[in-house]
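As structure tokens, the structure follows; a few thoughts come after it.
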Amino acid sequence: MLTKDQAGDIFNRIRKLSTADEVEVLFSGGAFALTRFANNTIHQNVAEENHVVSVRTVFGGRTARATSNKFDDESLSWVVAASESLAKVQHPDPDLLPMPDSREAAGAVGQDQFGEAPVPANTIPSRHFAATAGITPELRADCVSKIVGVAEKHKLTAAGIFSSAESIEGIFNSRGLSDWHTQTLAEISITMLGADSSGWQKANSPDAANLDPLTLGETSAQKARESSHPQEIPAGKYTVILEPAAVLDIVGFMFWDYSGMGILDQRSFLTGRIGSKLFGENITIRDDVAHPLQSGSPFDGEGMRRRRVPLVENGVVKRVVYARATAERMRRSEFRDKAGPIQATGHGFALPNEMGEMPLNIVFAGPQNPQTVEQIIASTERGVLVTRLWYIREVEPFEKILTGMTRDGTFLIEDGRVQCGIRNFRFNESLIHMLSNVEAMSEPVRACGEESFDMVVPAMKIREFNFTEATKF
Amino acid sequence: MKHVANWALDIAALRGASYADVRIVAQSSRALTTKNGKVGSASDAESVGMSVRVIADGAWGFAASDDLSRAAVEATAGRAVEIARASARVKQHDVQLAPEKAVTAEWTTPHKIDPFTVSVEQNIDLLLKVDSELRAVAGITLAETNLNFNRDEQWFVSSEGANIHQTKYSTGAGYAAYAFAGNEIQKRSYPNSYGGQWQNKGYELIEELRLAENARRIAEEAVALHHADQCPEGALDIILDSSQLGLQIHESVGHPIELDRVLGMEANFAGTSFLTLDKLRTLRYGSELVNVVADARQEHGPGLGTFAFDDEGVPGQCTPIITNGLFTGYLSSRETAHTIGENRSGGTLRAEGWNRLPMIRMTNISLLPGHEPLSLEELIAATDHGVFMQTNRSWSIDDKRYNFQFGCEIGWEIKRGKRARMVKNPSYSGITTEFWNSLDAICSRDEWTLWGTPNCGKGQPQQVMGTGHGAAPSRFRDIKVGSAYRGS
């Protein structure tokens, strides 16, 4: 693994090669391994090591980036020259700011009128676990063997993955800023397949000790067994119970819009709506990199330390996040009075980019009276329990109508009990409508899916969820 | 590079691998974008590395490294064998590869102009000219453009004696105009949405696309959509333009014919397929007019799925997928060919880069054009009542590839053979085989375009791959239109 000291040496070599006014260097990469299984067999099993150096140079308001995965002198000369030659032919960008120094990145400079100082480094729990970094192919295979054992016990077929990774993320710039983040991540995803049904579970954590493959396997198997011989019920509006992974995958489609740049570009569904009560009273969402169930780097693409940002409070959209330049542009723009508190929040992407920024550490607040999924089912006279959503896409961007399918465990609930598995549905549902109709929630948990990034979200019971068609299985 | 590959092959053999192949890949890319009159991003990237794929104890192992020193290459090969032995702890049977003649070959994507030789200034000037045209139309609130160039050079060397050096070029370009007004965002894109048109070509593609010449019209359509009526709902005849039909082919033919999906290998992520093995040569996939091929050969055209050899050294081929409506073929690999009674791979195994395992990917999955001369305007003239839909806006399909729903950017209601009015938010949905069986007209070769889909995701870890899809505008009868907006 590349260390911060080694990266610092590379940065110094790059500085000597560069003739630019300013230089910024990002480092990323690490070691990644994934064991994949299907039909009760390990059929793919991979490992890689790779580190990337990415150089941004600035000449009089013009900037560009070049990237390489080679650190020898010739490659570093190429990456600097490529960045500089791309930058020099740009038109000057009046919105480009000088790179931040370490004081600004830490929040010691500039206005802080909104009471949300950057998260202190010492309050963020370590996200690097040596035991996770040391997971071997043999250990992964033994874990898969146990999962396959669960499948065979239930006369099912198992498919899935067990991956482990150790990664670094670092930034250095010519104004003296430097920051470094190391992390590990282990992930298990399991699909159990029956003759006409399937069940799924997925979990990940920086600490592999938090993962319980046998419980994940047994829950997947239970879903596959209980959803066998699926019944077809007509499409329509149903009360649904979305398990946390299903909530994560659908709500994830709105967080690109919690961006100052999205407001400036008038592509966000929050354009003109910040300060409005858009969702139900029971919806409160924040971005919080320091949350103990979160993961990821505490600084953004320019090295700015992330702040906690309250995005939604009791259904009212309070704020969006800002990169430095976006905040400056917003202060001068016609939208500034409808943009909420304007302040760089440490959520910018690496420059140059078109999207600006995005909250990536989403945490839903728990309800006053959290219920378990079992309790929510017991309180439901008639409804649909959804394990997982799939192939979600945006149909209409301003009302945030999304379409997608249920998958791997969809059940009919009647009289407070799971009655049977049902054929999967297509939904067309507005996120605004959905988050205005949440009747009950569980305690939020760290969830992961396939359509959106990891979040801390609850299970939700939602009335009048709009299923428009059923498929054939 | 062969000597570097041999370091890995020697170690793999020494450690007991029964088969090994090595890919050394050097990738270069340039991405330029503009947004509302300014350069949005400008970046060059290169990535160089190698990977070793082995069979040991009858199971697969794969390891990759960015370090091409002898010590690192040998360590990577050793790691691949260790991983294969770990895989062998959980197996039902040994991996068997269909035989393939090992060849020594050299191939480069035919191109007239190396896109990396065109100055960045010229490219930015072009994008800013398009941007200016888009924003000259009152009501446009966001204009975005992009140019992308890629060069992938690969050395493939196997323990069976293959030694193949291929260099692929791909070029892409496009733009989008957004109009926000009231409570509505409308968008038009050219020549296609989500990145435009992509082909395995040089810079000559950019010159062919006539980007600036179409910008004003596209922007005017985006604004005009705000004044258009909502697309009618119900069972209607629809005509799809060739780009939307290309994506329809991708989702409802290309993915379900991937044999690894069919065999359950993708069950945890991308899903499986309704095309179980019993359906080969028995399923009536579409109407008699439907002829689909998977064609990686140069003669099919410069699609993103065009190559000389796949990433396990098998020559690019043409496989009939749907023949006069009958389902006739899958996409296969050396490992999977035997499951459909074939003794040779269909040549479809490809990897995103040096650090990814090759897997079955679409090549150019194309609907062949109609035999009889038929232009789009003639097809519209021959349609009594329906909707002509252009340019994809949203797409979704279930994990067995039955139920799909697509939205398009713009529609035109057809009445008595004429485009009666523009309609906004057109969408349609259906079940794959029912849909393809409803096809009753395909325009002829003059209307056929080989589109590129640069962003097809599959696999764990996920890989993004470019695929090609040739199509001509076609008509489908009695399709469910508009349910995307019903009740939501």
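The values are calculated or read from the model by the stated rules, or taken from the named source; none is laboratory data. Since we're looking at a predicted model, the values are computed, not measured. Virtual Cβ from ideal backbone geometry, glycine too; neighbours counted across all protein chains shown.
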Practice item. Residue by residue through segment A:327-342, note down the ones that are in contact (Cβ under 8 Å) with a residue 40 or more places away in the chain and either over 23 Å from A:Pro100 (Cα atoms) or touching an Asp or Glu at 6+ places or on another chain (Cβ under 8 Å) (or both). Key: A:Glu328, A:Arg329, A:Phe335, A:Lys338, A:Ala339, A:Gly340
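Quick grid of which residues meet (1) of a type outside the set (A, V, I, L, M, F, W, C); (2) in a strand (DSSP E or B):
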residue	(1), (2)
A:Phe398	no, no
A:Arg407	yes, yes
A:Phe427	no, yes
A:Arg446	yes, yes
A:Glu451	yes, no
A:Lys472	yes, no
**Study point:** Pair list, Cβ under 9 Å, 6 or more apart: segment A:309-326 residue at positive phi, other residue aromatic (Phe, Trp, Tyr)
**Key:** A:Asn314/A:Phe279; A:Gly315/A:Phe279
**Study point:** Which listed residue is within 22 Å of the chain's Cα centre (by Cα) and not in a loop (DSSP other than H, G, I, E, B), from A:Leu402, A:Leu351, A:Leu412
**Key:** A:Leu402
Practice item. Restricting attention to strands (runs of 3 or more DSSP E) lying wholly within segment B:309-423, give those where 1 or more residues are in the same structural domain as B:Leu240 (by TED's automatic domain parsing), buried (at least 22 other Cβ atoms within 10 Å of the Cβ) and in contact with a Pro (Cβ under 9 Å, 6 or more places away or on another chain). Key: B:385-397, B:403-415
Study note, to complete from the structure: Residue count, segment B:447-474, condition closer than 29 Å to B:Asp384 by Cα, out of contact with any His (no Cβ under 6 Å at 6 or more places or on another chain) and buried (at least 24 other Cβ atoms within 10 Å of the Cβ), comes to 5
Review point. Among the candidates B:Lys112, B:Lys101, which residue alone is out of contact with any helix residue (DSSP H, G or I) (no Cβ under 8 Å at 6 or more places or on another chain), in a loop (DSSP other than H, G, I, E, B) and either on the phi < 0 side of the Ramachandran plot or more than 7 Å from chain A (Cβ to nearest Cβ) (or both)?
Key: B:Lys101
Review point. Does segment B:15-25 contain any residue that is out of contact with any Lys or Arg (no Cβ under 9 Å at 6 or more places or on another chain) and either at the interface with chain A (Cβ under 8 Å from one of its Cβ atoms) or under 30 Å from B:Tyr175 (Cα atoms) (or both)?
Key: no
Study note, to complete from the structure: Filtering segment B:47-79 down to residues that are within 8 Å of chain A (Cβ to nearest Cβ) and not polar (S, T, N, Q) yields B:Val48, B:Gly49, B:Ala59, B:Trp60, B:Gly61, B:Phe62, B:Ala63, B:Ala64, B:Asp66, B:Asp67, B:Arg79
Practice item. Please find, within segment A:267-281, the residue that is nearest to A:Phe364 (Cα to Cα) out of those that are of a type in the set (S, T, N, Q) and crowded, with 20+ Cβ neighbours inside 10 Å. Key: A:Ser268
Point to revise | Subset of segment B:1-47 [closer than 28 Å to A:Met261 by Cβ, of a type in the set (A, V, I, L, M, F, W, C) and without any contact (Cβ under 8 Å) to a residue 24 or more places away in the chain] | key: B:Ala45
Practice item. For segment A:36-50, indicate whether the set of residues that are more than 7 Å from every other protein chain (Cβ to nearest Cβ) and not in a loop (DSSP other than H, G, I, E, B) is non-empty. Key: no
Exercise for review: Have a look at A:Ser75, A:Ser85 and point out the one that is within 15 Å of B:Asp44 (Cα to Cα), over 33 Å from the mean Cα position of the chain (by Cα) and either more than 7 Å from chain B (Cβ to nearest Cβ) or not in a loop (DSSP other than H, G, I, E, B) (or both).
Suggested key: A:Ser85
Practice item. Determine which single condition B:Asn437 fails, assuming it passes every other condition in (1) touching a Gly at 6+ places or on another chain (Cβ under 7 Å); (2) closer than 24 Å to B:Glu377 by Cβ; (3) more than 10 Å from chain A (Cβ to nearest Cβ). Key: (2)
Review point. Is segment B:445-460 home to any residue that is within 14 Å of chain A (Cβ to nearest Cβ) and assigned to a loop (DSSP other than H, G, I, E, B)?
Key: yes
Practice item. Of the conditions (1) under 30 Å from A:Asp288 (Cα atoms); (2) buried (at least 23 other Cβ atoms within 10 Å of the Cβ); (3) away from every other protein chain (no Cβ under 12 Å), A:Ala440 clears all except one; give me its number. Key: (2)
Exercise for review: Would you mind stating whether B:Lys480 is charged (D, E, K, R), within 25 Å of B:Val262 (Cα to Cα), at pLDDT 95 or above and crowded, with 20+ Cβ neighbours inside 10 Å?
Suggested key: no
Practice item. Kindly establish whether A:Glu302 is of a type in the set (Asp, Glu), outside any helix (DSSP H, G or I) and farther than 18 Å from A:Pro367 by Cβ. Key: yes
Exercise for review: Look at B:Tyr428 and say whether it is closer than 26 Å to B:Leu304 by Cβ and touching a residue at least 12 places away in the same chain (Cβ under 8 Å).
Suggested key: yes
